[in-house]
Amino acid sequence: MVKMSDTISQDMPVIGRFAPSPTGPMHFGTLIAALGSYLLARQAGGTWRVRIEDLDPPRVVPGAADEMLFLLEALGLTWDGPVVYQGQRFGRYREVLDLLRSKNLLFDCNCSRREVLASAPHTGEDGPVYPGTCRAGMKGQRAEAAVRLRIVNRTVSFVDGIFGTRMQNLETELGDFVLHRADGEFAYQLAVVVDDMDAGITQVVRGADLLASTPRQIYLYDCLEALVPHYYHLPLALSASGGKLSKRDGPALIVTRDNGVQLMWQVLCFLGQNPPDELRRSRPRDLLEWALAYFSCGAIPAENRCFSPKP
Ligand code: GLU
C-alpha cells in the first residue's frame with residue numbers, strides 16, 4: 001500500500017531545527033546543516049531550535065556540545081528557546097514506546113546481528129532486510145532483546161524540498177526496524193521523531209545521509225497519529241576518497257571562531273550560492289545578512305559532491 005502521509009500545512013508558521021550529535025568538534029559537514037537549517041527557517045520568518053543528540057553515551061565527547069553552542073553564537077546563528085538534550089528525555093521515549101506497544105505495533109526480538117544476516121532475504125539500503133522472525137515470539141539465542149516496530153506492506157512516499165519525490169517499501173527494503181536496542185539504548189529513529197514532534201518542528205533540514213531514514217520516521221509519525229514535517233536534505237560534502245567529509249579530513253575543515261566566516265562562505269558556495277568575495281573576511285553578521293536576503297533553496301544542487309574549497 002502506498003500512502004501519502006498527512007503533512008503539516010504549508011501555511012503553518014515554520015519551526016526549524018539543528019540537531020548535531022556531540023561526537024567531536026564542529027566541522028564543515030556540521031556547518032552545512034547548521035547554516036542551511038538556520039537560513040531556511042529564518043528566511044521563512046520562522047523559529048530555529050537547537051537540540052543536542054547525545055543519545056548514545058559512548059559516542060559523546062565531553063565538552064563537544066558546549067563548544068558547538070559557543071561557535072553557533074559566535075557565528076551569529078542564534079537559536080530560539082532552550083537547548084534540548086536527548087540525554088534528558090529517556091523517560092519520554094519510554095512513554096512513547098509504551099504507547100506504541102499498547103497499539104500492538106511492537107514486538108521483542110533477540111536475534112543477533114549474525115542471525116538477522118543469515119535469515120535476511122536480501123540486503124537493502126540500510127543493511128540486511130529483517131524478515132519478521134520474532135513477530136510471533138522470540139526465536140533467537142540471545143538473552144537481551146531489542147524492540148522492533150512491525151511493518152506490514154507499506155510504501156512511504158514523500159517530496160523532499162531538494163531531492164524531490166522519494167519512495168520506499170519499508171517491508172521489502174528494510175523490514176521491522178529497531179526502536180529500542182538490545183544494549184538498552186533508544187534508537188535514533190525513535191528519539192528524533194519524538195523530539196521533533198514534541199517541539200512542533202515543521203521543517204527538517206539536515207544532511208542527505210539521512211534521506212534513507214526519512215521513510216521510517218514518516219511511518220513513525222503515522223503510527224503516532226502526528227503530522228509529518230517538511231523535509232529538505234542538503235547535499236553531503238564528500239572527501240576525495242568519496243566518503244562523507246569528516247574531521248579526519250584535516251584541521252582546516254574544523255570550525256573555529258577564527259575560520260568560521262570563511263567556512264560559512266564556503267558552505268554557501270557548496271550549496272550553489274554566489275556570495276560576494278569581499279564577505280569572506282567580513283563579520284558573521286554581514287555574511288548572514290547577505291545570505292538571508294539572497295539564499296536560494298532552488299539553487300542547492302541535489303547531489304552529494306566532493307568538496308574542494310573555492311580559491
Ligand atoms: N544528529 C544527527 C547528525 O548529527 C542529525 C539528525 C537529524 O537532523 O535528524 O548527523
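The values are calculated or read from the model by the stated rules, or taken from the named source; none is laboratory data. Keep in mind the model is a prediction, meaning the values are calculated, not measured. Counting neighbours? That spans all protein chains shown, and the Cβs are built from the backbone with ideal geometry, glycine included.
Has segment 2-16 got at least one residue that is aliphatic (A, V, I, L, M), in contact (Cβ under 8 Å) with a residue 24 or more places away in the chain, touching a helix residue (DSSP H, G or I) at 6+ places or on another chain (Cβ under 7 Å) and closer than 23 Å to LEU190 by Cα?
yes
Every residue in segment 50-68 that is within 14 Å of the ligand (Cβ to nearest atom) and not in a loop (DSSP other than H, G, I, E, B), please.
Selection gives VAL50, ARG51, ILE52, ARG59, ALA64, ALA65, MET68.
Would you confirm whether any residue within segment 196-215 is over 23 Å from PHE163 (Cα atoms), outside any strand (DSSP E or B) and of a type in the set (Ser, Thr, Tyr)?
Checked segment 196-215: no residue is over 23 Å from PHE163 (Cα atoms), outside any strand (DSSP E or B) and of a type in the set (Ser, Thr, Tyr).
If the requirement is being within 28 Å of ARG181 (Cα to Cα) and within 16 Å of the ligand (Cβ to nearest atom), which of these qualifies: PHE28, PHE18? If you could, list the steps in order and put the result at the bottom.
Numbers: PHE28 fails: within 28 Å of ARG181 (Cα to Cα).
Every option except PHE18 fails the conditions.
Could you please find all residues in segment 2-27 being assigned to a loop (DSSP other than H, G, I, E, B), over 19 Å from ASP198 (Cβ atoms) and of a type in the set (A, V, I, L, M, F, W, C)?
Listed by number, the list holds a single entry, MET26.
Out of segment 112-133, which residues are surrounded by 13 or more Cβ atoms within 10 Å (Cβ to Cβ) and closer than 23 Å to GLN217 by Cβ?
VAL116, ALA120, GLY124, ASP126, GLY127, PRO128, VAL129, TYR130, PRO131, GLY132
If you go through segment 103-131, how many residues are farther than 15 Å from LEU174 by Cβ, under 26 Å from the mean Cα position of the chain (by Cα) and of a type in the set (A, V, I, L, M)?
2
With the requirement that a residue be more than 15 Å from GLY207 (Cβ to Cβ) and at pLDDT below 95, what does segment 226-248 give you?
ALA240, SER241, GLY242, ARG248
Is segment 247-258 home to any residue that is more than 15 Å from the ligand (Cβ to nearest atom) and under 22 Å from CYS297 (Cβ atoms)?
no
Any idea which residue in segment 271-311 is nearest to the chain's Cα centre (by Cα), counting only those that are aliphatic (A, V, I, L, M) and within 23 Å of LEU71 (Cα to Cα)? Show your work before the answer.
The first filter runs over segment 271-311 and keeps only residues aliphatic (A, V, I, L, M), leaving 271, 279, 287-288, 291-293, 299-300, 302.
Add one more test, that the residue is within 23 Å of LEU71 (Cα to Cα), and what stays is 271, 279, 287-288, 291-293.
Numbers: LEU271: 18, LEU279: 29, LEU287: 26, LEU288: 23, ALA291: 23, LEU292: 23, ALA293: 26 Å.
Per the criteria, the residue is LEU271.
What number of residues within segment 253-264 satisfy the criterion of being in contact (Cβ under 8 Å) with a residue 24 or more places away in the chain and out of contact with any strand residue (DSSP E or B) (no Cβ under 6 Å at 6 or more places or on another chain)?
Residues that pass the stated criteria total 7.
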